[in-house]
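Report on the following structure.
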Amino acid sequence: MHKLDESYPFKPLRFAVLAVSDSRDLASDNSGATLKSMIEDAGHTLAERAIVTDDLEEIRTKVEGWIANPDVNVILTTGGTGFTGRDVTPEAVKPLFEKEIEGFSVVFHRISFEQVGTSTIQSRACGGVAKGTYVFCLPGSPGACKDAWEGILKWQFDSRHRPCNFVEIMPRLQETRDVSAAQAAKCD
């Protein structure tokens, strides 16, 4: 089902990985380590990796900083996507989205269902675009991170993937805002 056209060049991207956990540190963050390994194995670069507690403001501040960093193309968070009281990653990140990528959640749940059955409904995995940066919130298990990467993200972040991929539209992610800024400048 995944088709790479080798006549196109591979374009490596820069990823930031944020683990959200009250009980882990970088040394014991297996999901973040799994994502790091898969990102690098695919030929991309890990720009930064961090861990924060399940605190809405901490999560949002870290993600906003990475969105503002022109050296980060993609942000992956892991953890905090359930629906217990401490699970606040979607609440922290979704307000930053200019566009939500609803299909990511749909396809993620289809893939996850193959692995964990109806337990997939306990995840609020989501994705979107914020100021030209892709942001995806993944569950906190290494298995769920593998499902998201191997089933969706690895392919969509490969510039050779056909019939289309996220990389080829990156230059156009901010075109509406750029047009608005140009129009505003004309009025000055």
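Please compute the length gained on full extension between residue 141 and residue 25, using 0.36 nm multiplied by the number of residues separating them and subtracting their Cα-Cα distance.
In short, 40.3 nm is gained.
Nearest 500 deg cm²/dmol is fine: what mean residue ellipticity at 222 nm does the chain get from its DSSP H runs of n ≥ 4 alone, each adding -39,500 (n - 2.57), divided by its residue count?
Calculated at 222 nm, the ellipticity per residue is -10500 deg cm²/dmol.
Computed FRET efficiency, Cβ-Cβ of residue 115 and residue 164, R0 35 Å: what is it to the nearest 0.05?
0.85
Label point 7 Å out from residue 86 along Cα-to-Cβ: which residues of the range 9-43 have amide N under 12 Å?
20-25
Not counting the cut sites, what is the longest span of the chain without trypsin sites (Lys or Arg not before Pro) that DSSP labels loop and that have at most 15 other Cβ atoms within 10 Å?
Result, exposed sites excluded: 1-85.
GluC sites (Glu not before Pro), restricted to the range 96-166: which are DSSP loop and have at most 16 other Cβ atoms within 10 Å?
98
Are there GluC sites (Glu not before Pro) in the range 1-76 that DSSP puts in a loop and that have at most 11 other Cβ atoms within 10 Å, and which ones?
In loop regions of the range 1-76 (DSSP not H, G, I, E or B), the sparsely surrounded GluC sites (Glu not before Pro) are 6.
Could you compute the FRET efficiency for residue 7 and residue 97, with r as their C-beta to C-beta distance and R0 at 25 Å, rounded to 0.05?
0.15
Given q = 0.09, 0.17 Å⁻¹, what are the Debye log10 I(q)/I(0) values for the range 55-188, with equal point scatterers placed on the Cα positions and solvent ignored?
The Debye formula, applied to the Cα set alone, gives -0.29, -0.94.
In which sequence would 51, 75 go, from the one with the fewest C-beta neighbours within 10 Å to the one with the most?
Least crowded to most crowded, the residues run 51, 75.
Just so you know, all these numbers are worked out from the coordinates, no wet-lab data involved. Small disclaimer: the values here were computed from a predicted structure and weren't measured. No Cβ is skipped: glycine too gets one built from the backbone with ideal geometry, and neighbour counts run over all protein chains shown.
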